[in-house]
1. Every residue in segment 58-80 that is open to solvent by 20 Å² or more (accessible area, probe 1.4 Å), within 18 Å of Gln11 (Cβ to Cβ) and within 8 Å of the chain's Cα centre (by Cα), please.
2. So Thr39 fits all but one of (1) open to solvent by 70 Å² or more (accessible area, probe 1.4 Å); (2) modelled with pLDDT of 95 or more; what number is the exception?
3. Looking for whichever is exposed (fewer than 15 other Cβ atoms within 10 Å of the Cβ) and touching an Asp or Glu at 6+ places or on another chain (Cβ under 9 Å) here; the options are Lys47, Lys55. Which one fits?
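The values are calculated or read from the model by the stated rules, or taken from the named source; none is laboratory data. As the structure is a prediction and not an experimental result, all values here were calculated from the model. Every residue, glycine as well, gets a Cβ built from its backbone with ideal geometry; the counts of neighbours run over all protein chains shown. Keep in mind that these areas ignore ligands, DNA and RNA; they rest on the heavy atoms of the full protein, side chains included. Shrake-Rupley method; radii C 1.70, N 1.55, O 1.52, S 1.80 Å.
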Amino acid sequence: GWCPLSPAGAQTTQLLLEPPWTPAVLWDWVTLTCHGSGTPADTTWYKDGQRWWQKGPISFVVTESGTYECETPGTGLSPPVQV
């Protein structure tokens, strides 16, 4: 079948875990950072599939385990990261 390719250099939203261990160890001060296009202040965060933080910061220190995703207006939803 035909599958559309995204244009070269197309942006995607990435959710980065610092430090990059998986599963994350929460007493290590795990920071999640959302990388996407658009206004950083317009980042929407999802936790366990539910909208969790509208217009949240671009990065924050995780205090609860769960599955996190972030969304930016320009590049959409990131792949989920389990913490």
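1. Glu69, Glu71, Leu77, Pro79
2. Going through the list (1) open to solvent by 70 Å² or more (accessible area, probe 1.4 Å); (2) modelled with pLDDT of 95 or more, Thr39 breaks only (2).
3. Details: Lys47 fails: exposed (fewer than 15 other Cβ atoms within 10 Å of the Cβ).
Testing whether each residue is exposed (fewer than 15 other Cβ atoms within 10 Å of the Cβ) and touching an Asp or Glu at 6+ places or on another chain (Cβ under 9 Å) leaves just Lys55.
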